[in-house]
1. Test of the criteria: in the stretch 13-72, which GluC sites (Glu not before Pro) are in a DSSP loop and have at most 10 other Cβ atoms within 10 angstrom of their Cβ?
2. Defining a contact as two alpha carbons under 8 Å apart and six or more residues distant in sequence, what relative contact order in percent does the chain show?
3. When Phe85, Phe78 are ordered from fewest to most other Cβ atoms inside 10 Å of their Cβ, what list results?
4. Tell me the volume per residue, in Å³, of the convex hull enclosing the alpha carbons of the stretch 3-92.
5. Quick one: check the C-alpha center-to-center distance for the stretch 1-41 versus the stretch 61-94, whole angstrom.
6. Positive end of the charge dipole of the chain (Lys, Arg +1 and Asp, Glu -1 on Cβ, about the Cα centre): tell me which of Gly25, Leu88, Ile77 has its Cα farthest that way.
7. Comparing Gln53, Gln42, Gln20, which has the greatest mean-square fluctuation in the GNM of the chain with Cα pairs linked when under 10 Å apart?
8. Please list 3J(HN,Hα) in residue order for the stretch 81-92, calculated via the Karplus relation 6.51 cos²θ - 1.76 cosθ + 1.60 where θ = phi - 60°; whole Hz, with x for glycine and proline.
Amino acid sequence: MTRTAVSSDGAPEALGPYSQAIVAGDMVFCSGMAGIDPATGQAGEGIEAQTEQALLNLAAVLDAAGCSMNDVVKTTIFSANVEDFGRLNEVYAR
């Protein structure tokens, strides 16, 4: 199976020795997306802004791979504070 690394300037560079995403066959596997603005390198203020930015970053990487958020089958969300989950989920539900 052919694997192809994907990168997008619309998302922050990977923080380690890995790709933003890998295309393997007809599937795309994305690395974790933080709520960091690729233009500034800074995290947004508050969980809502960080969640919105993480989703924008994910959309940019998916676009570079030739697909969109409509093609996503599964996500896993990690939050440093369980109390933020309700507000995070409100943004995610959009």
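Computed from the coordinates by the stated procedures, all read-outs in this text should not be read as laboratory data. These numbers come from a predicted model, not from an experiment. We place every Cβ from the backbone using ideal geometry, glycine too, and count neighbours over all the protein chains shown.
1. Answer by residue number: Glu45.
2. Numbers: 125 pairs, mean separation 24.4, N = 94.
In percent, rounded to a whole number, it is 26.
3. Working: Phe85 13, Phe78 6.
Ascending number of Cβ neighbours within 10 Å: Phe78, Phe85.
4. Values: hull volume 8.5 nm³, N = 90.
Looking at the stretch 3-92, the number lands at 94 Å³ per residue.
5. Each part's Cα centre sits 15 Å from the other's.
6. Ranked along the dipole, the leading option is Gly25.
7. Gln42
8. Values, residue by residue: 9, 4, 5, 7, 4, x, 5, 4, 5, 4, 5, 4 Hz.
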